[in-house]
Each structure stands twice: as C-alpha cells, then as structure tokens.
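What follows is a single structure, written as structure tokens, with notes after it.
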Amino acid sequence: MAEYPAHLVRAHRLYDGRIVTVRPIRSGDDVHEREFLNRLSGESRYLRFHKWVNAPSEKLVHFLTDVDYDKHMAFVCTAPDGDAEQVVGEARYVADPNGKNCEFGIIIADPWHKTGIAGLLMEALIRTARERGLATMEGVVLASNATMTRFARALGFEVQSVADDPTTRRIVKKL
C-alpha cells in the first residue's frame, strides 16, 4: 500500500461560510463511507451506480476505501460532525490497464447538493489525474441525469451518445 498523500489535503470555505476538507480517502474510512452511502437517497445511489443499491456490501465498501493513490484514487469531502467528521461527498477515478485513461465517478450527499463541493472534488481529482500522467478522464452518465450532464459540460467534458445504449451518455475530457 502506498503512503497516504497528506499533501493533497485541503480545507475550503464554502460560499455559505461552512468549512469542509477535501482529502484522499483512507482505508480506515470504511465506517464513514458506509454511513455516507446509507444516508444517500435511493435516487442518488441509482444515479451513481446505475442500479438500485440498498445497503452497501462489505465488498463495495472495501473497494471504495482500499485505493492505491495511483491507479485508483479517491477524494472525500468531509464536514465537521460534533467531535468527528462526516463524509458528504466523494469522487474517484480508476485507471485502465494501459495507465493512460481513467474512468471517474462522483456522488454528493443529498443535503450538500449545490454547495460547491462537487466542483472542489472534481478539481482535486482532475489535478491528480493530470499529475499522474493520465491523458483522458471519462464517465458514464444516465441520459436522464441532466444535472450531471450540465456539470460535466461546465468542467469541459464532451458529452457523447452511446450507440448501443440510448439510456446512457459517455462524458470525456482530455487532460
């Protein structure tokens, strides 16, 4: 396992004055990640995973928290929650086997939509992917997810139809 990239931890003040931290996920975040996924609405989980996901499995939580910080990178956005922290968003990429391109995903806790944290997470993710030498970042979005399509376009992603699946769109950004 690679050393935790602490130099990537950044605190941010949101437009509404709240302070959040965007940082690489840690393997010890499994409890926080499970709580985060459990707090999401069914619709948010569906939009992220493209299927109905009820309680997250141990296998899924392990995959989401056990990253190598190179081929698989994940950032979480955390907010203070009493004496602890709460995960309120996450973004990740997984590089393809040739190490040139990556697929990404992002999900934000329902009460945190339209706070700016999605942009902060994507900024960190794109910057890190560029630093790792990746050439292209892409994702698959449900065609019905107009909010994500607008967000992706605003970040410079090209939105493409998928020939054999009219229910999805591929979003692609050259890094």
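Nothing in this text is a laboratory measurement; each read-out follows from the coordinates by a stated rule. Everything quoted here is computed from the prediction, not taken from an experiment. Here Cβ is always computed from backbone atoms with ideal geometry, including for glycine, and neighbour counts include all displayed protein chains.
Of note:
- Under the convention that each Lys and Arg Cβ holds +1 and each Asp and Glu Cβ holds -1, the size of the dipole of the chain around its Cα centre is about 640 debye.
- With a Förster radius of 35 Å applied to the C-beta separation of ASP110 and ALA135, the computed FRET efficiency comes to 0.55.
- Cα gyration tensor shape for the range 1-47, rounded if a/c is under 1.5, else prolate or oblate: oblate
- For the chain, the relative contact order works out to 18 percent when only alpha carbon pairs closer than 8 Å and six or more residues apart are counted.
- The lysines whose alpha-carbon is closer than 26 Å to the alpha-carbon of LYS100, local same-chain residues fewer than 8 away aside, are LYS71, LYS173, LYS174.
- Sparsely packed loop sites in the range 5-92 (the chymotrypsin sites (Phe, Trp or Tyr not before Pro) outside DSSP H, G, I, E and B with at most 16 other Cβ atoms within 10 Å) comprise TYR15, TRP52.
- Pair LYS71, ARG127: separation of 7 Å Cα→Cβ label points (nm): 2.6
- Between LEU14 and SER161, the contour length at 0.36 nm per residue exceeds the Cα-Cα span by 49.5 nm.
- The listed peptides 87-97, 133-143, ordered by packing as a protection proxy, come out as 87-97, 133-143 (highest mean of other Cβ atoms within 10 Å first).
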